[in-house]
Amino acid sequence: MRTIILKNAPHIAGFSSTAGKMEGDGPLASLFDEIELDPYFGKESWEKAESELMRRTLARALTKARMAENNLDLIFAGDLQQQCAASTFALRGQSAPLFGVYGACSTMAESLALAAMSVNAGYAEVAAAVTSSHFSTAEREFRTPMEYGGQRTPTSQWTVTGSGAVILSRDTGSVRVSAVTPGKIVDAGITDANDMGSAMAPAALDTIMTHLAQTHTAPGDYDLILTGDLGHFGSEILVDLSKREGCDLSAVHNDCGKLVFDREAQDVHSGGSGCGCSASVLCAKILPEMQRGEIKRVLFCATGALLSPVTTMQGESIPSIACAVELTR
């Protein structure tokens, strides 16, 4: 079985979200803990800005959990920069051991899954999962320089400047991580780096269908099946594929890339993407709703396109992955 049932299901003791100006102009503006209008976050470069973004978010999550840095036993963190540089420099002053995680846009679910398994197994009393992305660092890393001004395709997505951090503990918090379904690589043969939603949708379907089958549940057993970040086009493909499999997700499905921006008012084309997209939406909107009891069972399934600038230039297809985390109140 791929699905892991956590018998000592860890509690979410605290969480926090930080967003940039573009995200602050979107529909979730009132929900973020902090909106930073300066894209440099007071630093000298976009890369340093992203590290500051992650550092602030983790610090605030610990404060909300009423914990200090020395309470952390393990940290799981990742981002989109080469060699997870944003995480490395954000966390280099921490005393807790760090597991650097890379799953592209699925990194928040992967980090949360690994942290939850560690606490469940007793390897840590308290663990943190934190991820981030920054629009300008991602554009410089994966596409063309900002000054180029290239036209974006309708299927392209806007990398979120944002971060989310979750603190897990063995005994504090009303929301728990009850199960994990790790993703496997699914390659649909998509080669267009500006159409990541199409590349990732089959991976999301594979993980969701596996989780439902192995937990003996149906879509209606969940208040929400949340993907990230398929965007508008990828979400349509996922729902269509689910119907073909005889398991219609449309009634309970939503996507972080659709929620974070206003598609009509903001020029984001197919929606949001990036490690910080699903992380910030989860921590700004979903977990607070669960704490309040408005929703009680969520399957959080973040998706990642495992491409690089080199593989894209070589004409390679885009392998994708999706990791699912079941959250219960």
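The values are calculated or read from the model by the stated rules, or taken from the named source; none is laboratory data. Owing to the predicted nature of the structure, the values given are computational and were not obtained by experimental measurement. A quick note on method: Cβ atoms are made from the backbone with ideal geometry, for glycine too, and the neighbour counts reach across all protein chains shown.
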Segment 34-54: number of residues that are outside any helix (DSSP H, G or I) and either within 19 Å of Thr159 (Cα to Cα) or among the hydrophobic types (A, V, I, L, M, F, W, C) (or both): 9
If I go through segment 85-117 residue by residue, how many of them are within 15 Å of the chain's Cα centre (by Cα), buried (at least 21 other Cβ atoms within 10 Å of the Cβ) and either more than 28 Å from Gly197 (Cβ to Cβ) or of a type outside the set (A, V, I, L, M) (or both)? 7
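Rundown of residues vs (1) crowded, with 20+ Cβ neighbours inside 10 Å; (2) out of contact with any helix residue (DSSP H, G or I) (no Cβ under 6 Å at 6 or more places or on another chain); (3) among the hydroxyl-bearing types (Ser, Thr, Tyr), yes/no style:
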| residue | (1), (2), (3) |
| --- | --- |
| Glu289 | no, yes, no |
| Arg292 | no, yes, no |
| Ile295 | no, no, no |
| Leu299 | yes, yes, no |
| Gly304 | yes, yes, no |
| Thr312 | no, yes, yes |
| Val325 | yes, no, no |
| Thr328 | no, yes, yes |
Do we have any residue at all in segment 151-172 that's more than 25 Å from Arg297 (Cβ to Cβ), surrounded by fewer than 16 Cβ atoms within 10 Å (Cβ to Cβ) and of a type in the set (D, E, K, R)? yes
Of the numbered conditions (1) assigned to a helix (DSSP H, G or I); (2) surrounded by fewer than 23 Cβ atoms within 10 Å (Cβ to Cβ); (3) in contact with a helix residue (DSSP H, G or I) (Cβ under 9 Å, 6 or more places away or on another chain), Leu31 fails exactly one; give the number of that condition. (1)
Residues in segment 1-8: is at least one outside the structural domain of Gln214 (by TED's automatic domain parsing), crowded, with 20+ Cβ neighbours inside 10 Å and either in contact with an Asp or Glu (Cβ under 6 Å, 6 or more places away or on another chain) or not in a helix (DSSP H, G or I) (or both)? no
If I go through segment 103-137 residue by residue, how many of them are touching a strand residue (DSSP E or B) at 6+ places or on another chain (Cβ under 8 Å) and at positive phi? 1
State which residue is farthest from Glu236 (Cα to Cα) when the search covers only segment 177-209 and only residues that are crowded, with 19+ Cβ neighbours inside 10 Å and of a type in the set (D, E, K, R). Asp206
Tell me the helices (runs of 4 or more DSSP H) entirely within segment 271-329 that contain at least 3 residues that are in contact (Cβ under 8 Å) with a residue 24 or more places away in the chain. 275-281, 287-291
Return the pair list, or none, for Cβ contacts closer than 6 Å from residues in segment 211-237 that are closer than 10 Å to Asn254 by Cβ and in the same structural domain as Ser320 (by TED's automatic domain parsing) to residues that are aromatic (Phe, Trp, Tyr) and buried (at least 23 other Cβ atoms within 10 Å of the Cβ), at least 6 apart or on different chains. Leu226/Phe300
If Thr215 satisfies all but one of (1) over 18 Å from the mean Cα position of the chain (by Cα); (2) under 23 Å from Cys275 (Cα atoms), what's the number of the condition it fails? (2)
Does any residue of segment 13-20 turn out to be modelled with pLDDT of 95 or more, assigned to a loop (DSSP other than H, G, I, E, B), over 22 Å from Leu327 (Cβ atoms) and among the small types (Gly, Ala, Ser)? no
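Considering segment 87-113 alone, what residues qualify as being part of a strand (DSSP E or B) and more than 14 Å from Ser133 (Cβ to Cβ)? Show your work before the answer.
Here is the first cut: in segment 87-113, the residues part of a strand (DSSP E or B) are 98-100, 103, 105.
Matches in segment 87-113: Leu98, Phe99, Gly100.
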Only residues that are crowded, with 24+ Cβ neighbours inside 10 Å and hydroxyl-bearing (Ser, Thr, Tyr): list them for segment 237-279, please. Ser270, Ser273, Ser278
Boolean, Asp240 is free of Cβ contacts under 8 Å to residues at least 60 places away in the same chain, acidic (Asp, Glu) and closer than 28 Å to Arg60 by Cα: no
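Please tell me if Glu44 is touching a residue at least 24 places away in the same chain (Cβ under 8 Å) and either surrounded by fewer than 20 Cβ atoms within 10 Å (Cβ to Cβ) or under 27 Å from Asp267 (Cβ atoms) (or both). Before the answer, list the steps.
Numbers: touching a residue at least 24 places away in the same chain (Cβ under 8 Å): no; either surrounded by fewer than 20 Cβ atoms within 10 Å (Cβ to Cβ) or under 27 Å from Asp267 (Cβ atoms) (or both): yes.
So Glu44 does not fit the description; no.
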